[in-house]
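J.: Just dropping this structure here.
The values are calculated or read from the model by the stated rules, or taken from the named source; none is laboratory data. These numbers were taken from a predicted model, which means no experiment stands behind them. Quick reminder, even Gly has a Cβ in these numbers, built from the backbone with ideal geometry, and neighbours come from all protein chains shown.
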Amino acid sequence: MINKTLNKKIFDTDCEQVPIRHGFGEGLLIAGERDERVVTLCADLTESAQAYMFKEKFPERFVEIGVAEQNLAGVASGMAAMGKIPFITSYAMFSPGRNWEQIRTTITYNNRPVKIAGSHAGISVGPDGGTHQMIEDIAIMRVQPRMVVLSPCDAIEARKATIEAAKTDTPVYIRLAREKTPIITTDETPFEIGKATIFYEHERPEVVIIATGALVHKALQVAQNLEKQNIGAIVINLPAVKPLDEKTILGVAERAGAVVTVEEHQIAGGMGSAVSEFLSQNLLVPIEFVGVKDQFGQSGTPAELIEHYGLGAKGIEEAVHRAIGRK
Amino acid sequence: MSALSDKEIKNLEKKASEIRQSIIEMLVEAKSGHTAGALGMADIFALLYFHALNHTPENSHDSNRDRLVLSNGHICPVYYATLAHRGFIPKEELMTLRKFGSRLQGHPHRDFLDILETSSGPLGSGLSQAVGMALAARMDKNPARIFALMSDGEQEAGMTWEAGMLAGKEKLNNLVAIIDRNNIQIDGFTEDVMPLEPLADKWRAWNWHVLEVDGHNFEEINNALEEAKSIHNRPTMIIAHTTPGKGVKEFENKYEWHGKPPTKEEGEIALAELRKHD
């Protein structure tokens, strides 16, 4: 059964679609209104990384850094040292892609509560091609001590994640997608950093699908299809790759006895890896990974790319059958 | 901060010599670490902590204290020794440098020693953080002044250029950067490894007020710091010409001493030479 707090029109063809990054922009504005310590730094992508709303409202708390992502991280660290809560915004490929060491040395090693918003993550960036499709960001951010890693599933969750990130005293990475994707959640859907939520639950589950980001919508579609085939599934929305909600994951993995992870990211080092690192130490259970298989992206429509790299409904369903078959 | 009297200069010379002696003792005991740059910056550290900075053991965590950002973290023996002689940390602790459990990590880490404003080591990262501090201080009308210390080798780092451009664009008059222009880096002389000249022109082009001083002349350095206070529309860059290994003839101007410590015997010779001037 689908979580009652989710968008009622979730499976309708006219389900509202909004870019996840837009929810970040709204959340940033709200965070800025609630706390005057919030400042925003941008690296020449104010419009597309959605910092323009904050910039218009709080020009005195906005800093344009230019195409200089290493500096973006370091300047934010310095502002945090003076008591600010800096959000740094760019494309995920450039921040944290280009400035990983600066994030490590000046932000996490220094324990500064800088919030890193990486837009245009995933292959669904589309026509821009592989240089702009960041599919390694979860791996390189979750490996840094102290870093919280969030990957919201829709614009509403991105808004909540941004507001909550501003309240924490830790560094946070927020992964955002460019394209319009279905609105899955509502204002009532619970969100807490470090908590996973059951979005779909069959009373006799044979598999649990743990998904993060926009692909949560595909996972829910698959669960519905499976039900028609008399295969019960649980779908977990995992917006926090770190810290991992170990209790929820262990509980559903024990109940279902087979696990499939779904993410728009390299399989190596991604959310599935995080889940697997935890489960392999606590439960003997088959795990299948839906993600990019050690490849780079390319130009195409988001739908074409999701299909080509095996991240769509077909790829998820095949992984479900493999996982159940390995029980 | 103000002009220096002869008595103050004498006192600073004494402090700098004591700091240098501690550096030698620390490095001999640690058996690893960076000698040349640490000795070369002792005069500037003495002037900053015994005269120029509004940062004392009494106000060490006040929000409006001056901030010193050490970008080239490898010269930290001079930083730790100065903090000890100024009373921020016990002098005995200096002998724990680079040892397990010590607050005095091989490169500064503020997790271990919270007096430090930043952690550092990877070159090129300090000026950006200082720029961020200066921006935040200006937003908050905080009178704190931000001092960034850099090596000349890290003028080769792209991140330093990025930070330099931003500081100039933002006209950060509460920011003073000092380059330790000692002409050496690990692989050799800077002008062989990667020519930096004309260095002053580069910073002028980014809208910095640039001054060049003898980094061992207290009056010159102090005058430059005083002049920086009167510059209202630009950050100030002080290029301090220093002698790496300063104070110990055997170590001076030899890039081989960038990254190694003196042996016990070399240390004794160095200490004897430094004590001669006490």
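J.: Which one of these is surrounded by fewer than 19 Cβ atoms within 10 Å (Cβ to Cβ) and either assigned by TED's automatic domain parsing to the domain that holds A:G130 or more than 22 Å from the chain's Cα centre (by Cα) (or both): A:K84, A:K57?
T.: One residue alone meets the criteria, A:K57.
J.: How many of the residues in the stretch B:7-34 are part of a helix (DSSP H, G or I) and either touching a Gly at 6+ places or on another chain (Cβ under 8 Å) or under 23 Å from B:Y255 (Cα atoms) (or both)?
T.: 14
Residue-by-condition table, conditions (1) more than 10 Å from B:V176 (Cβ to Cβ); (2) surrounded by 21 or more Cβ atoms within 10 Å (Cβ to Cβ):
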| site | (1), (2) |
| --- | --- |
| B:A205 | yes, no |
| B:D214 | yes, no |
| B:I221 | yes, yes |
| B:K229 | no, no |
| B:T242 | yes, yes |
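J.: Output the residues belonging to the stretch B:224-250 that are of a type in the set (G, A, S), farther than 28 Å from B:F189 by Cβ and not in a loop (DSSP other than H, G, I, E, B).
T.: If the condition is that a residue be of a type in the set (G, A, S), farther than 28 Å from B:F189 by Cβ and not in a loop (DSSP other than H, G, I, E, B), then B:A228 is the only one that fits.
J.: Being closer than 26 Å to B:G126 by Cβ and either crowded, with 24+ Cβ neighbours inside 10 Å or of a type in the set (A, V, I, L, M) (or both) is true for just one of A:I20, A:I103, A:I30. Which residue is that?
T.: Answer to the check: A:I103.
J.: Restricting to the stretch A:208-242, name every residue that is charged (D, E, K, R) and touching a strand residue (DSSP E or B) at 6+ places or on another chain (Cβ under 8 Å).
T.: A:K218, A:E227, A:K242
J.: Among the residues that make up the stretch B:143-159, is at least one of them crowded, with 18+ Cβ neighbours inside 10 Å, more than 23 Å from B:L47 (Cβ to Cβ) and modelled with pLDDT of 95 or more?
T.: Within the stretch B:143-159, one or more residues are crowded, with 18+ Cβ neighbours inside 10 Å, more than 23 Å from B:L47 (Cβ to Cβ) and modelled with pLDDT of 95 or more.
J.: Applying the selection to the stretch B:137-163, what residues are more than 9 Å from every other protein chain (Cβ to nearest Cβ) and within 26 Å of A:E36 (Cβ to Cβ)?
T.: Hits for the stretch B:137-163 are B:R138, B:K141, B:P143, B:R145.
J.: Consider the stretch B:251-268. How many of its residues are in contact with a helix residue (DSSP H, G or I) (Cβ under 9 Å, 6 or more places away or on another chain) and part of a helix (DSSP H, G or I)?
T.: Result for the stretch B:251-268: 7.
J.: Let me ask something else about it. Restricting to the stretch A:44-100, name every residue that is at pLDDT 95 or above, outside any helix (DSSP H, G or I) and of a type in the set (S, T, N, Q).
T.: Matches in the stretch A:44-100: A:T89, A:S90, A:S95, A:N99.
J.: Still on this model: Tell me yes or no: at least one residue of the stretch A:19-37 is of a type in the set (A, V, I, L, M, F, W, C) and in a strand (DSSP E or B).
T.: There is no residue in the stretch A:19-37 that is of a type in the set (A, V, I, L, M, F, W, C) and in a strand (DSSP E or B).
J.: Mind telling me which of the residues A:T189, A:T162, A:T108 ends up being of a type in the set (S, T, N, Q), away from chain B (no Cβ under 14 Å) and surrounded by fewer than 24 Cβ atoms within 10 Å (Cβ to Cβ)?
T.: A:T189
J.: Of all residues being in a helix (DSSP H, G or I) and among the hydrophobic types (A, V, I, L, M, F, W, C) in the stretch A:111-127, which is nearest to the other protein chains (Cβ to nearest Cβ)? Just the residue, please.
T.: Once the filter is applied, the top-ranked residue is A:V125.
J.: Let me ask another. Would you kindly identify the helices (runs of 4 or more DSSP H) lying entirely within the stretch B:35-130 that contain at least 2 residues that are more than 14 Å from chain A (Cβ to nearest Cβ) and surrounded by fewer than 24 Cβ atoms within 10 Å (Cβ to Cβ)?
T.: By residue number, B:76-85.
J.: So for the stretch A:124-140 (the condition being surrounded by fewer than 24 Cβ atoms within 10 Å (Cβ to Cβ), in contact with a Ser or Thr (Cβ under 7 Å, 6 or more places away or on another chain), closer than 19 Å to A:A92 by Cβ and among the aliphatic types (A, V, I, L, M)), does at least one residue qualify?
T.: The answer is no, given that none of the residues of the stretch A:124-140 is surrounded by fewer than 24 Cβ atoms within 10 Å (Cβ to Cβ), in contact with a Ser or Thr (Cβ under 7 Å, 6 or more places away or on another chain), closer than 19 Å to A:A92 by Cβ and among the aliphatic types (A, V, I, L, M).
J.: Looking for whichever is within 14 Å of chain A (Cβ to nearest Cβ) and part of a loop (DSSP other than H, G, I, E, B) here; the options are B:L196, B:L172. Which one fits?
T.: Just one listed residue meets the conditions, B:L172.
J.: Give me a count of the residues in the stretch A:141-183 that are farther than 15 Å from A:L215 by Cβ, in a loop (DSSP other than H, G, I, E, B) and in contact (Cβ under 8 Å) with a residue 40 or more places away in the chain.
T.: Counting residues in the stretch A:141-183 that are farther than 15 Å from A:L215 by Cβ, in a loop (DSSP other than H, G, I, E, B) and in contact (Cβ under 8 Å) with a residue 40 or more places away in the chain gives 7.
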